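J.: Pasting a structure below so you can have a look.
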Amino acid sequence: MSTDGFTVISLSSLLSSYGDTVAQGILDTFEPYADGSASDFVRTKAIPMEKRDLSRTYLAFRDGDKALLGFVSIGMKCIRIPEENLLSRSLLRQCNIDGPSGVAQAYLLGQLVRSKDSPKGFGELLIDFAMKKVKEAKGIVGCRVLRLDCADELIGYYERHGFSLIRKNEDKDLNQMVTLI
């Protein structure tokens, strides 16, 4: 897919076209905008998770020089929504929560990371791309919840994109958020 001066390629396509060594070399060049787990994910986890069918990673390259501008990783991961949460009653009803367990089926926006060389606003384009992919999946298999875990400083950013805060995760290091697709 090509749009707005960049092209998105699935990691699966990259692997099948060029092999593990070339794909890993490309991933190893990625420098994220902010420090965090993104470098570790893209360098050590993206390919194994792709091969195990745990997630799909999509790489955004700048047209022309083919610089890796960012990536999104999407998977499936149920979420337990406890009785003590910050969601509205209306949103809770729409999440299809299994009563006894408190678990809702959900897509997972596992990674959404832009590079330090990406243009301002590029994260918005990655979110739009991820939402498009999740909507395609919803049309094929159902499921209306998209979840993510984020640091405190990103809560407002994701709220502006329609996500609602549930609570801190059990380790108390990330915030669990959801939106309906």
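The values are calculated or read from the model by the stated rules, or taken from the named source; none is laboratory data. The shown structure was predicted, so the numbers you read here are calculated from the model rather than taken from an experiment. Please note that ligands, DNA and RNA were not included when accessible areas were found on the heavy atoms of the full protein model with its side chains. Shrake-Rupley method; radii C 1.70, N 1.55, O 1.52, S 1.80 Å.
J.: When averaged across all projection directions, what area in nm² does the alpha-carbon convex hull of the chain cover? Don't jump to the answer; show the numbers that get you there.
T.: Details: hull surface 43.2 nm².
Hull-based average projected area comes out at 10.8 nm².
J.: A follow-up question, please. Among L87, L68, L112, determine the one that fluctuates most according to a GNM of the chain built with springs between C-alpha atoms less than 10 Å apart.
T.: Greatest mean-square fluctuation among the candidates belongs to L87.
J.: Which far-off residues, 5 or more places away or on another chain, put their amide H under 5 Å from the one on I97, with H placed in the peptide plane?
T.: Close amide H contacts, sequence-distant or interchain: none at all.
J.: Roughly speaking, what is the stretch gain from K135 to S37, that is 0.36 nm per residue apart minus the C-alpha to C-alpha distance, in nm to one decimal?
T.: 32.7 nm
J.: For the stretch 8-14, just list the computed ³J(HN,Hα) in residue order, Karplus coefficients 6.51, -1.76 and 1.60, θ = phi - 60°, integers in Hz, with x standing in for Gly and Pro.
T.: 9, 10, 6, 4, 4, 5, 4
J.: I've got another one for you. Skip the ligands, DNA and RNA, and give the accessible area per residue of the stretch 1-60 with a 1.4 Å probe, whole Å². Can you show the working numbers first?
T.: Details: 3280 Å² over 60 residues.
Ligands and nucleic acids excluded, the figure is 55 Å² per residue.
J.: Let me ask you something else. What residue among K132, K51, K120 shows peak mean-square fluctuation when the chain is described by a Gaussian network model with Cα springs under 10 Å?
T.: So, out of K132, K51, K120, the one fluctuating most is K120.
J.: Against the longest alpha carbon principal axis of the chain, how many degrees, from 0 to 90 and to the nearest 10, is the axis of helix 122-141 turned?
T.: 60
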